[in-house]
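Trainee: My structure is below; once you've seen it, I'll send some questions.
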Amino acid sequence: MTSNPIDQLILTAETTRQAKGGGVILTGSSVKLGLPSRPEFYLVHGWQSWSLTGWVDASIRLPVMKPTSMHPMQTDPVYANDPRPNGAWYGAARLADGQAVFLGALSLESHVALDGATLTGWYERGGGEWFASCGDEAECLGRYADLLKERLGKGRAAKPYRVWCSWYSLYTEIDEPGLLKILADLGDLPFEIFQVDDGWQKGIGDWEPNAKFPSGMDGLAARIKAAGRTPGLWLAPLLVTPSAPLFRRHPDWLLRDEKGRPVSAGYNWSEKLYALDTTYPEVLEWLKALMGRVRAWGYDYVKLDFLYAGALPGHRHIDMPREAAYRQGLKVIREALGDAYFLTCGAPILPSLGLCDGMRVGPDVAGHWEDPRDRDLLVNFATPGTRNAIRTTLNRLWLKPLVHTDPDVVYFRERQNSLTAGQRGLLQDLAQAAGFKATSDVPAWLAPSEREALRKYLQATPEVRKLEPYVYQIGERRVDFNAAVQMPPLPGRLAKLSGAVIGGLANVPALMKIFDSFGRRAMRKMLKENPV
Ligand code: 9PG
């Protein structure tokens, strides 16, 4: 008998041994822990950057998030209909006395779920190791991070940079003259990186500059360098849309299901999304060449997005587990990127560790706090919104020893923004806690006082200390994130019904196309009224 109480909870495991520093290492394709009682809360861990991560009421069956057509791009589609509290690679239960019981896989393609008072973990194929531990949540996650570091590695860039990113002001409406104007207006604001986001390319799968970038991407990079910044570029290299020439030229490169149909990677840009099969040698060659081209253009900071596409379930050219297939592709990408800073986004978390410098650890922020439609009708916490971003990001900060945790951008502007000063401040504090600072604020949209506040924020390096699960000491201030992290109550009957209708409509591409075109028109009008 040891003094370690976790030993007494193990119901199923092939082997068990003590872990250095506390807890136990189990092996098995499926392991079970018997809890002393039904837990009150369960820690759901989302599969990829944008997927919900947080403590939920363990006694409820979670409604299926909507729209279902977005499952591949917002959650792990394999488990999207599982009503049990469950999550990717690890999970934890909180007992009435506040103690956490933690179970986390030490290899890929693994999942954890709660059945009553039993915590079950399983590997999708074969077996592997698990870490189980009891006690303080942060301690369990800290030990888990150490064990993952030994197995998957950590990022190599020494420190994160301060980033200006085009997305959260201009979205896809970027062009060369507008970006050059912003570059000049940034003036003495201390950003190391000027990152061009979505909107420069001809298409998804067609990674050449479009007509809005007449000097080419190399020309733009040269201008960014001449302004004293490091050029950054966004791509979604594992996605293809039907309109891209690649889709017609290389149908054999697409990830397909057992019936030979291309696997859905979701819906965006008014198109259906498909994934590349990273076990195809020619796909790996193509990815390598693409990364080489981006580097040759002069981009030393690369944000690769929608990466989950490479790890979706499917029948691959070479039969291998889906996350292993993804990781193999990411390795090729990492090598081809050389010494560039590599930020992953929309990325499956564990399979990306050790191969990237930074990782987006939450969904997109937005100029609003939360969308009641997404929260109450669609029960979807992966959609863009500041509250969703704060919740998921805070629950992922345990990853800090392994990767730079990117919480997405902060806002200092009041223009084109419905956040209150308090909400903007909370988001700024989140980024201090995460250790990664970025914004998309257009200088021309900032009041002089806002510009000054942004400068001070970028320069400040306050000491950050975690005091409680969601409370941080940031410099002289105590910042309490608890209210933002709470999960809302479950929808009632009427909300469920309306959600089913709206979710159903959102599954119809033709309707989404119309909806998107209204969005784009509103965006263009806004930019006319608010020039950069
Ligand atoms: C560019 C953007 C930005 C952003 C990324 C990613 O669920 N969704 O519908 C969804 C759409 C877009 C999205 C995330 C989720 O944003 O996170 O920073 O680069 O792509 O298109």
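Trainee: Tell me, yes or no, whether the stretch 246-269 has at least one residue that is over 22 Å from the mean Cα position of the chain (by Cα), hydroxyl-bearing (Ser, Thr, Tyr) and within 16 Å of the ligand (Cβ to nearest atom).
Mentor: Quick first cut of the stretch 246-269, residues over 22 Å from the mean Cα position of the chain (by Cα) only: 246-254, 256-262.
Of the ones still in play, those that are also hydroxyl-bearing (Ser, Thr, Tyr) are none.
Within the stretch 246-269 (the criterion being over 22 Å from the mean Cα position of the chain (by Cα), hydroxyl-bearing (Ser, Thr, Tyr) and within 16 Å of the ligand (Cβ to nearest atom)), the answer is no, since none of the residues qualifies.
Trainee: Here is a further query. Need pairs with beta-carbon distance below 6 Å; first residue farther than 11 Å from Asp277 by Cα and within the stretch 236-256, second among the basic types (Lys, Arg) and at pLDDT below 95; sequence gap 6+ or separate chains.
Mentor: Filtered contacts from the stretch 236-256: no entries.
Trainee: Could you grab me the full set of residues in the stretch 180-201 that are touching a strand residue (DSSP E or B) at 6+ places or on another chain (Cβ under 7 Å) and either more than 21 Å from Arg524 (Cα to Cα) or within 15 Å of the ligand (Cβ to nearest atom) (or both)?
Mentor: Quick first cut of the stretch 180-201, residues touching a strand residue (DSSP E or B) at 6+ places or on another chain (Cβ under 7 Å) only: 183, 186, 190-198, 200-201.
Listed by number, the residues that qualify are Leu186, Pro190, Phe191, Glu192, Ile193, Phe194, Gln195, Val196, Asp197, Asp198, Trp200, Gln201.
Trainee: List the helices (runs of 4 or more DSSP H) that sit entirely inside the stretch 237-355 and contain at least 1 residues that are farther than 24 Å from Ser49 by Cβ, among the acidic types (Asp, Glu) and at pLDDT 95 or above.
Mentor: On the way: elements: 245-249, 281-297, 322-337, 349-352.
Result: 281-297.
Trainee: Let me ask something else about it. Taking the stretch 14-49, which residues are assigned to a loop (DSSP other than H, G, I, E, B), at positive phi and crowded, with 18+ Cβ neighbours inside 10 Å? Steps first, please.
Mentor: Start the filter on the stretch 14-49 by keeping residues that are assigned to a loop (DSSP other than H, G, I, E, B), which leaves 14, 19-23, 29, 35-40, 45-47, 49.
Narrowing further to those that are at positive phi: 21-23.
Selection gives Gly23 alone.
Trainee: Something else now. Could you check the stretch 311-341 and list, in sequence order, the residues that are over 15 Å from Met291 (Cα atoms) and more than 20 Å from the chain's Cα centre (by Cα)?
Mentor: Matches in the stretch 311-341: Gly314, His315, Arg316, His317, Ile318, Asp319, Met320, Pro321.
Trainee: May I ask you to list the residues in the stretch 456-475 that are touching a Pro at 6+ places or on another chain (Cβ under 8 Å) and either farther than 25 Å from Val403 by Cα or not in a helix (DSSP H, G or I) (or both)? Break it down into steps so the answer makes sense when it comes.
Mentor: So the first thing to find is which residues in the stretch 456-475 are touching a Pro at 6+ places or on another chain (Cβ under 8 Å), and the list is 458-459, 474-475.
If the condition is that a residue be touching a Pro at 6+ places or on another chain (Cβ under 8 Å) and either farther than 25 Å from Val403 by Cα or not in a helix (DSSP H, G or I) (or both), then Ile474, Gly475 are the ones that fit.
Trainee: Kindly provide the set of residues from the stretch 502-513 that are assigned to a helix (DSSP H, G or I) and either surrounded by fewer than 12 Cβ atoms within 10 Å (Cβ to Cβ) or not β-branched (Val, Ile, Thr) (or both), ordered by number. Walk me through it before giving the result.
Mentor: Applying the first criterion (assigned to a helix (DSSP H, G or I)) to the stretch 502-513 yields 502-506, 509-513.
Those that are assigned to a helix (DSSP H, G or I) and either surrounded by fewer than 12 Cβ atoms within 10 Å (Cβ to Cβ) or not β-branched (Val, Ile, Thr) (or both): Gly503, Gly504, Leu505, Ala506, Pro509, Ala510, Leu511, Met512, Lys513.
Trainee: Going through the stretch 430-455 one residue at a time, which ones are within 16 Å of His404 (Cα to Cα) and without any contact (Cβ under 8 Å) to a residue 60 or more places away in the chain?
Mentor: Leu430, Ala431, Gln432, Ala433
Trainee: For the stretch 46-66, name all the residues that are touching a residue at least 60 places away in the same chain (Cβ under 8 Å) and in contact with a Phe, Trp or Tyr (Cβ under 6 Å, 6 or more places away or on another chain).
Mentor: Of everything in the stretch 46-66, those that are touching a residue at least 60 places away in the same chain (Cβ under 8 Å) and in contact with a Phe, Trp or Tyr (Cβ under 6 Å, 6 or more places away or on another chain) turn out to be Gln48, Leu52, Trp55, Val56.
Trainee: Turning to a different aspect of this structure: For Val332, are the conditions met, namely being away from the ligand (no atom under 16 Å from the Cβ), closer than 17 Å to Asp252 by Cα and outside the structural domain of Glu124 (by TED's automatic domain parsing)? Show your work before the answer.
Mentor: Working: away from the ligand (no atom under 16 Å from the Cβ): yes; closer than 17 Å to Asp252 by Cα: no; outside the structural domain of Glu124 (by TED's automatic domain parsing): yes.
No, not satisfied.
Trainee: Could you list, in sequence order, the residues of the stretch 344-388 that are aromatic (Phe, Trp, Tyr) and within 14 Å of the ligand (Cβ to nearest atom)? Lay out the reasoning, then the answer.
Mentor: To start, the set of residues in the stretch 344-388 that are aromatic (Phe, Trp, Tyr) comprises 369, 381.
Matches in the stretch 344-388: Phe381 only.
Trainee: Just to be sure before I move on: is Gly228 more than 16 Å from the ligand (Cβ to nearest atom), more than 26 Å from the chain's Cα centre (by Cα) and in a loop (DSSP other than H, G, I, E, B) in the structure I sent?
Mentor: Details: more than 16 Å from the ligand (Cβ to nearest atom): yes; more than 26 Å from the chain's Cα centre (by Cα): yes; in a loop (DSSP other than H, G, I, E, B): yes.
Yes: the conditions hold for Gly228.
Trainee: Looking only at the stretch 406-452, which residues are of a type in the set (A, V, I, L, M, F, W, C) and over 23 Å from the mean Cα position of the chain (by Cα)?
Mentor: As a first pass, look at the stretch 406-452 and keep what is of a type in the set (A, V, I, L, M, F, W, C): 409-410, 412, 419, 421, 426-427, 430-431, 433-434, 436, 438, 442, 444-447.
If the condition is that a residue be of a type in the set (A, V, I, L, M, F, W, C) and over 23 Å from the mean Cα position of the chain (by Cα), then Ala421, Val442, Ala444, Trp445, Leu446, Ala447 are the ones that fit.
Trainee: Report whether or not Leu119 is in contact with a Pro (Cβ under 9 Å, 6 or more places away or on another chain) and either among the basic types (Lys, Arg) or buried (at least 24 other Cβ atoms within 10 Å of the Cβ) (or both).
Mentor: On the way: in contact with a Pro (Cβ under 9 Å, 6 or more places away or on another chain): yes; either among the basic types (Lys, Arg) or buried (at least 24 other Cβ atoms within 10 Å of the Cβ) (or both): yes.
Against the criterion (in contact with a Pro (Cβ under 9 Å, 6 or more places away or on another chain) and either among the basic types (Lys, Arg) or buried (at least 24 other Cβ atoms within 10 Å of the Cβ) (or both)), Leu119 qualifies.
Trainee: Sticking with this one: Of all residues in the stretch 391-401 being surrounded by fewer than 22 Cβ atoms within 10 Å (Cβ to Cβ) and outside any helix (DSSP H, G or I), which is nearest to the ligand (Cβ to nearest atom)?
Mentor: Residue satisfying both the conditions and the ranking: Lys400.
Trainee: Out of the residues in the stretch 70-88 meeting the condition of being modelled with pLDDT of 95 or more and assigned to a loop (DSSP other than H, G, I, E, B), tell me which one is nearest to the ligand (Cβ to nearest atom).
Mentor: First, the residues of the stretch 70-88 that are modelled with pLDDT of 95 or more: 70-82, 84-88.
Next cut, assigned to a loop (DSSP other than H, G, I, E, B) only: 75-76, 80-82, 84-85.
Numbers: Thr75: 10, Asp76: 14, Ala80: 14, Asn81: 18, Asp82: 20, Arg84: 24, Pro85: 22 Å.
Checking each candidate, the answer is Thr75.
Trainee: Select from the stretch 50-69 the residues that are outside any helix (DSSP H, G or I) and within 13 Å of the ligand (Cβ to nearest atom) and write down the one among them that is surrounded by the most Cβ atoms within 10 Å (Cβ to Cβ).
Mentor: Of the residues in the stretch 50-69, the ones outside any helix (DSSP H, G or I) are 50-67.
Restricting the remaining residues to those that are within 13 Å of the ligand (Cβ to nearest atom) gives 50-52, 65-67.
Working: Trp50: 28, Ser51: 26, Leu52: 25, Met65: 23, Lys66: 21, Pro67: 20.
Checking each candidate, the answer is Trp50.
For (1) over 14 Å from Val365 (Cα atoms); (2) surrounded by fewer than 23 Cβ atoms within 10 Å (Cβ to Cβ), each residue gets a yes or a no:
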site	(1), (2)
Ala389	no, no
Arg415	yes, yes
Gln428	no, yes
Gly435	yes, yes
Ala444	yes, yes
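Trainee: Related question: Could you tell me which residue of the stretch 402-439 is nearest to Val464 (Cα to Cα), considering only residues that are assigned to a loop (DSSP other than H, G, I, E, B) and of a type in the set (Asp, Glu)? Write out each step before concluding.
Mentor: The initial filter retains those residues of the stretch 402-439 that are assigned to a loop (DSSP other than H, G, I, E, B), namely 402-403, 407-409, 411-420, 435-436.
If we keep only those that are of a type in the set (Asp, Glu) as well, we get 408, 414.
Values: Asp408: 18, Glu414: 26 Å.
Per the stated criteria, the residue is Asp408.
The values are calculated or read from the model by the stated rules, or taken from the named source; none is laboratory data. The shown structure was predicted, so the numbers you read here are calculated from the model rather than taken from an experiment. With ideal geometry, Cβ positions are generated from the backbone for all residues, glycine too; neighbour counts draw on all protein chains shown.
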